[in-house]
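The structure appears below as structure tokens.
The values are calculated or read from the model by the stated rules, or taken from the named source; none is laboratory data. A quick note: this is a predicted structure, and the numbers were derived from the prediction, not measured. Glycine gets a Cβ as well: all are built from the backbone with ideal geometry, and neighbour counts include every protein chain shown. These accessible areas exclude ligands, DNA and RNA; they are computed on the full protein's heavy atoms, side chains included. Shrake-Rupley method; radii C 1.70, N 1.55, O 1.52, S 1.80 Å.
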Amino acid sequence: MKKKQKRMGVKYNRTLVTAVLIGLMSTTPYTSAGASEYLATKYLDYNGKHVAEINFLKEGQGIGAANQYLVPAASYNLSNELISAMADSASYWTNMLGPGLKNTTPWQIFVSTDWRRNASAASRSIVSNGERAARRSYRNNEFFVTDQLQNGTVYEQLTYENAQTGVLPEGKYGFSRVMIGYYSGAKRTGAIDGWWVDTDTVLPTNEQATNFAGTVRHELGHALGITARKRTRNDVTTFLPTLTDEKSWTLNLYDQNGNRAKPGMKIVTSATFADLQSDDPSISAKDYFIVDEKVDANGNGFAYFTGPNVVEALGGGKFYGRSALSVNGWESDKFDGSHIQTAGMMSHRDYSNYSVFLEAELAALQDLGYKLDRKAYYGRSIYGNGGNITNTQGYFARNSDGTAYLEDTYSEIPLGIGLHVYGYDNTVTQAADILTHGTGAVGIRVDGMKNNLIIPEDTEIHSDGYRGNGVMIAYGRDQNVDQAGTVTAMGDGGTAMRFDFGSGRSGGFEYRGSYIRYRRWVNSKSSGREPGEIYRTRNLDLTSIGPNAYTACNDELEGALVNNYNLSGNLAGKENAIYIGKTAFVKNININNGAKIQGNIVSDWKQFNDPSCEGAYDQTGDKRDVLRIQYGGKREENGIDYHQYIPDLVTNLNFNTNMTYSGNITGEDNMKMNVSGGILNYTGSANVVNVNVAKEAELYGGTYTVNDMSDRMPTGYTDETTGQFINHGTIGASAADKNMTINGTLVSDGKLQAYGGGDKGQIIVNGT
């Protein structure tokens, strides 16, 4: 009790320590004289020092001669909004890496644009003798950007002027280039050229547009070294024979048989190796990097990356039996090897609902030699499956050395996550406090499926920064939450308990949710049609996701995101106490003895209001498939139109105890409010499909709108309770100067009670 009184009194140590200072970004563009000026230059600072310099190229402006571009010429001018968003998104890296960076000159990043529906990034290491074209001097076995950032080696600065002929002045140059595409995602109100800008969330909100912040962070991950160094000659792909850096991404890759990559090693499939061995029986599989063309349930078809930090971050968890991260193998008949093929942001999956790196992905950067305090961003991650875990690791600010948490001191790190449950079929008890004021930070995030999260009475989770989320259930099915402790999100835009898939990486890929797997295709500029228009949509088979694209198993979407949320503790959110996203179905919310709620309860389940879910038209004018709920044996194009009301897929909000609650309840076509026991004094407004007061229960006060769904029910379904307020117990006004108002039909075989002594105190029925 003393601990709760102390925290509720807001007596916290909020001292910022050096290791978590947030870099201050310059917003003043740098311009040089005449035709050589860039569109803009942004500097990213850490501790008062320019650690990165981002140069945005104008339309037609490239770095290098026209046939020897080091950075391809820009196809169009990036908007001011995307220029600022690029800098904001990139500061994720400079803030994180800042304490360990040793560069004394800024890391140069050149940003160009491309009409294609894509984005890309790479880092260049150039050794110029001042006589030959710079590209010919490109050394594949050297990575100057990494050397600059990790060791402080000083390289020549690349400028627009000194690269015009393609022959650089003598010296060594290390820099990164980023290409920003055009309408990678679809049109959306507020989006810019198909890009959706939201830098303050770990869960993407882009809908049919493309997540800009996540894309930038992904591409700069490549620029920092997550890239396989290989070449293909005469249809034979090999790792570069000149590789020497043991900390490089490439030399920490392993094939599906556990063989480590070596310089010059040939990359083949099992079938190709079998053919080679039939011609020469003396060859050994250990001398080849073998990755099958397609991924199977055993993880063959992936390459794997590992190192001591990755093993530590996995904490005993494994991907396909390996203490390593699965890596994309063959893609479009070419070996990739440069994308971490988990559900995280560094993947090439058709669906990923992250805008920040997983802890294990950050650990991979540590294994590449970067000095970063990943525990400032993650308290603990659980990658294993089937565990019964009591987590005693809390989440707080870090000390100045980045080696320990400062107990009872709020973290100020943006986008941090106190506990991340990635695996499936776990029972996790959070037995330590989580305290953060970080922008967009999350107390607990749960993915996987069939996980049971327990928050005991003595545990406090406070994610009270701007747009913070106390607990976020973000993927899978059949999850359960038991909360007896305290969960708050009291910053602006805060949600205490969030059930939400968010969005996938792009409108040109998959959109997923409970009983939902939907694919959209978007016009490019080169198509001859309006760029950004959705020209094709399709409901994909729900249970054929495949091991290359699922997190837990191929039926991870075939069920409710959450079966039961049981609340017997304190829940408070400034924007919402409870929020249910558009693609998330929650079966039961049980408000039990001891519960206290501050904030609204909102369900947007199936509340799609954008044209991308209404189907689209191809060139012949034929209607494409509307988004469908694949439920009750109805699959793909035979699924149930999301507009329809499915009685089985309605959230039951069950009040089972004596309590007073004043927040609004919104679930006009997807929620039923049940007062199942005890006395509920309610002073808010509820917009739902049905209210039901049980025989021994009592409900006083409130305004209720109950919506009739009879005309929206699919064939074979019935629900005679919609549009009705049904009372078997006792209902009435909560005070003499207030009425209980029911907009809809009142059906009662219980007690209707007036409240005397004032000018109101009645039950007003605007209906039957």
Contact order normalised by residue count of the chain, Cα under 8 Å, 6+ apart, percent: 7
Partner aspartates and glutamates whose C-alpha sits under 13 Å from that of LYS587, ignoring same-chain residues fewer than 8 away, are ASP478, ASP648
Surface per residue (accessible, 1.4 Å probe) for the chain, Å²: 38
Note: probe point = Cα of THR427 + 7 Å toward Cβ; backbone nitrogen < 20 Å; residues of region 550-571 passing the test are 562-569
Can you give the calculated 222 nm mean residue ellipticity of the chain, where each DSSP H run of n ≥ 4 adds -39,500 (n - 2.57) and the sum is split over every residue, rounded to the nearest 500 deg cm²/dmol? -2500 deg cm²/dmol
Would you work out what percent of the accessible area of region 556-638, with all protein chains in place, is carbon or sulfur (probe 1.4 Å)? 37
Expressed as a whole number of Å, what is the distance separating the alpha-carbon centroids of region 176-195 and region 719-767? 52
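Give, in whole angstrom and from largest to smallest, the semi-axes √(5λ) of the equivalent ellipsoid of region 196-345, with λ running over the eigenvalues of the Cα gyration tensor.
30, 17, 16
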Return the whole-Å distance between the Cα centroid of region 590-615 and the Cα centroid of region 300-320. 36
In nm, to one decimal, how far is the THR242 label point from the LYS266 one, both placed 7 Å along Cα→Cβ? 2.3
Which of the aspartates and glutamates could a cross-linker span from LYS751 if the Cα-Cα distance has to be under 19 Å and same-chain partners fewer than 8 positions apart are dropped? GLU696, GLU698
Please report, in Å, the Rg and the Dmax of the chain, where both are computed over Cα atoms only. 28.2, 100
Restricting region 357-421 to GluC sites (Glu not before Pro) in coil, as DSSP defines it, with at most 16 other Cβ within 10 Å: GLU407
Please report the accessible area of THR237 (heavy atoms, 1.4 Å probe, ligands and nucleic acids excluded) in Å², nearest 10. 20
Show me the GluC sites (Glu not before Pro) within region 670-764 that DSSP assigns to loop and that have at most 14 other Cβ atoms within 10 Å of their Cβ. GLU696, GLU720
Which percent of the accessible area of region 192-244 is formed by carbon and sulfur heavy atoms (probe 1.4 angstrom)? 43
Exposure ranking of GLU460, GLU558 by accessible area [1.4 Å probe, largest first]: GLU558, GLU460
What are the radius of gyration and Dmax of region 552-655, computed over its Cα atoms and given in Å? 17.1, 60
Please list, or write none, the lysines whose alpha carbon is within less than 20 Å of the alpha carbon of LYS525, excluding same-chain residues fewer than 8 places away. LYS58, LYS187
